[in-house]
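The structure under discussion appears below in the form of structure tokens.
The values are calculated or read from the model by the stated rules, or taken from the named source; none is laboratory data. Quantities reported herein were computed from a predicted structural model and do not represent experimental measurements. No Cβ is skipped: glycine too gets one built from the backbone with ideal geometry, and neighbour counts run over all protein chains shown.
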Amino acid sequence: MKIAISSEGTDLSAQVGHRFGGSPYLIIVDLGTGNFEAVPNPGSLNQHGAGVQTIVLIISKGVKVALTGYCSPVARKHLEANGIAIFTGVSGTIEEVLVSYKKGKIQKTQAATIDHEPEKHLVDKARLIHAMKRSGNQFVSMLPIFLGIVLLIGLLNTFVSKNFLTALLSGNVVLDTFLGAFFGSILAGNAINSYVIAGELLHYGISLFAVTALIITWVTVGLVQLPVEIAALGRRFALLRNGICFMLSMPIAIITVFIVNLVTR
Amino acid sequence: MSSVNKENVKESKDKKALGRISIFPVCVLACYGILCAIEPHKSLIAMRTSGNLLLYIAPPLVLVFVIMLALNLFVKPAQIVALFGKGLRIKGIVFSMVAGIISMGPIYVWYPLLKNLREEGAGNGPIAIFLYSRAVKPFLLPVMIAYFGWIYVVILTLLTVFASIAIGCFMSVFMKGK
């Protein structure tokens, strides 16, 4: 079994880190073999999503128990939800803590500090409130752009003639699909906006080939996010992935429309 | 950084983000204002058209919220993402695809996590599959079906799933040894 201990340093003589998410290192010890490794704690970087990265890191390492001085209720909830037991109020050097844990002392003395699930329905209620808050935030954050697009469509419907928009596209399947894929690649944002725009373009007489390519590339190709993708995953990966996705979007759009036409004929 | 400072930083970031995403609707409203002065009758028709469109999308939007809530309530993306495979085995393909489909929020939020996973040994194939499968949005399906019909949505969704596997294979081959 593997355990993770928040640490101020990289060896067993280091002090236990006071905060689980904020300590510079995590010492991961395999109790079966006695081997340990010190990994930099992504949570200490204070970046967006760093706390989640700490949790993902210890899950990916197969850790079953976490020992630390203090752990926030949110982090505790995520750890426990992922099957990791968390013991707080731990102090001293990593070596001392390991000895105490092996002797079962920490389990006996600190287990009381674990927030046991008090009542099943109470936990469910707390989780529901958290989920509702999160969903509410996600929903509200997509509304401004979405409402802007709905208002813009009203303007386009009233002030721009259908002939003008249809004249922009030639009626040639390949060229229309290419243009749809191109516009989808340079536009970004929540996918719901692509559905609304594509649906309205369809009413204007723009071909289903073009709007399907637009829907596909809207999410899969991101010219706007390309610098961020390059920074995170490397230039070669980002350019290759976006290039292949763009090329593949066109045959997929064409095949989709052909199958739809066959099925609905 | 103290928890109070963190709260303040988060609040200021939220305000900035809200400011950024409000620019577009404010610009559209400004266009309405200008056009209202020139063509008041047509602007009113445009408003009515937008209102009708909003009424048309409102019922699927309620469903969107319900599905979002269900995903947030029952799905733990951190656990699934942690199961990303190193190579393109069936388990790696399935888990990265499922993770991509259930992942929500803007893509740039996920990049640091993917970077970390790759440093931990996740392969290029599963990461590419994750990024492509994000095109399937279960919580937005009601809106998509309202616009294009379920036959179109089913076909496009299936082809997107197959395409994500193809992208994963391409990336594994072209990025071999990188």
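Just the residues that are at the interface with chain A (Cβ under 7 Å from one of its Cβ atoms) and over 17 Å from A:Pro144 (Cα atoms), please, taken from region B:42-62.
Hits for region B:42-62 are B:Lys42, B:Ile45, B:Ala46, B:Thr49.
Could you say which residue among A:Ile153, A:Ile216, A:Ile254, A:Ile230 is more than 9 Å from chain B (Cβ to nearest Cβ) and touching a residue at least 24 places away in the same chain (Cβ under 8 Å)?
Values: A:Ile153 fails: more than 9 Å from chain B (Cβ to nearest Cβ); A:Ile216 fails: more than 9 Å from chain B (Cβ to nearest Cβ); A:Ile230 fails: touching a residue at least 24 places away in the same chain (Cβ under 8 Å).
One residue alone meets the criteria, A:Ile254.
Go through region B:160-174 residue by residue and tally those that are within 8 Å of chain A (Cβ to nearest Cβ), surrounded by fewer than 19 Cβ atoms within 10 Å (Cβ to Cβ) and of a type in the set (A, V, I, L, M).
1
Can you pull out every residue in region A:3-47 that is of a type in the set (D, E, K, R) and at pLDDT 85 or above?
Start the filter on region A:3-47 by keeping residues that are of a type in the set (D, E, K, R), which leaves A:8, A:11, A:19, A:30, A:37.
Hits for region A:3-47 are A:Asp30, A:Glu37.
For region B:139-178, which residues satisfy the criterion of being more than 29 Å from A:Gly234 (Cα to Cα) and in contact (Cβ under 8 Å) with a residue 12 or more places away in the chain?
Those that are more than 29 Å from A:Gly234 (Cα to Cα) and in contact (Cβ under 8 Å) with a residue 12 or more places away in the chain: B:Phe139, B:Leu140, B:Leu141, B:Pro142, B:Val143, B:Ile145, B:Ala146, B:Val153.
Please work out if A:Val90 is modelled with pLDDT of 80 or more and either among the small types (Gly, Ala, Ser) or outside any helix (DSSP H, G or I) (or both). I'd like the intermediate steps shown before the answer.
Working: modelled with pLDDT of 80 or more: yes; either among the small types (Gly, Ala, Ser) or outside any helix (DSSP H, G or I) (or both): yes.
So A:Val90 passes the test.
Can you pull out every residue in region A:195-213 that is over 19 Å from B:Val136 (Cβ atoms) and more than 10 Å from chain B (Cβ to nearest Cβ)?
Once the filter is applied, which keeps residues that are over 19 Å from B:Val136 (Cβ atoms) and more than 10 Å from chain B (Cβ to nearest Cβ), region A:195-213 yields A:Leu201, A:Tyr204, A:Gly205, A:Ile206, A:Ser207, A:Phe209, A:Ala210.
For region A:1-44, list the strands (runs of 3 or more DSSP E) that sit wholly inside it and hold at least 1 residues that are surrounded by fewer than 16 Cβ atoms within 10 Å (Cβ to Cβ); which are they? Explain how you work it out, then say what you get.
Working: elements: A:2-7, A:25-30, A:36-40.
Filter on region A:1-44 gives A:25-30, A:36-40.
What about A:Phe237, is it in contact with a Lys or Arg (Cβ under 8 Å, 6 or more places away or on another chain), surrounded by 20 or more Cβ atoms within 10 Å (Cβ to Cβ) and of a type outside the set (S, T, N, Q)?
yes
Pick from A:Ser185, A:Ser194: which is free of Cβ contacts under 8 Å to residues at least 60 places away in the same chain and either touching a Pro at 6+ places or on another chain (Cβ under 7 Å) or surrounded by 22 or more Cβ atoms within 10 Å (Cβ to Cβ) (or both)? Walk me through it before giving the result.
Numbers: A:Ser185 fails: free of Cβ contacts under 8 Å to residues at least 60 places away in the same chain.
Result: A:Ser194 is the single residue among A:Ser185, A:Ser194 that is free of Cβ contacts under 8 Å to residues at least 60 places away in the same chain and either touching a Pro at 6+ places or on another chain (Cβ under 7 Å) or surrounded by 22 or more Cβ atoms within 10 Å (Cβ to Cβ) (or both).
From the list A:Gly32, A:Gly62, A:Gly21, A:Gly92, which residue is under 25 Å from B:Ile107 (Cβ atoms) and touching a residue at least 24 places away in the same chain (Cβ under 8 Å)?
Values: A:Gly32 fails: under 25 Å from B:Ile107 (Cβ atoms); A:Gly62 fails: under 25 Å from B:Ile107 (Cβ atoms); A:Gly92 fails: under 25 Å from B:Ile107 (Cβ atoms).
Checking each option against the conditions leaves just A:Gly21.
Report, by residue number, each residue of region A:233-251 that is at the interface with chain B (Cβ under 7 Å from one of its Cβ atoms) and not charged (D, E, K, R). Before the answer, list the steps.
Our first condition is that a residue be at the interface with chain B (Cβ under 7 Å from one of its Cβ atoms); within region A:233-251, this holds for A:233, A:236-237, A:240-241, A:244-245, A:248.
Residues satisfying the conditions are A:Leu233, A:Phe237, A:Leu240, A:Ile244, A:Cys245, A:Leu248.
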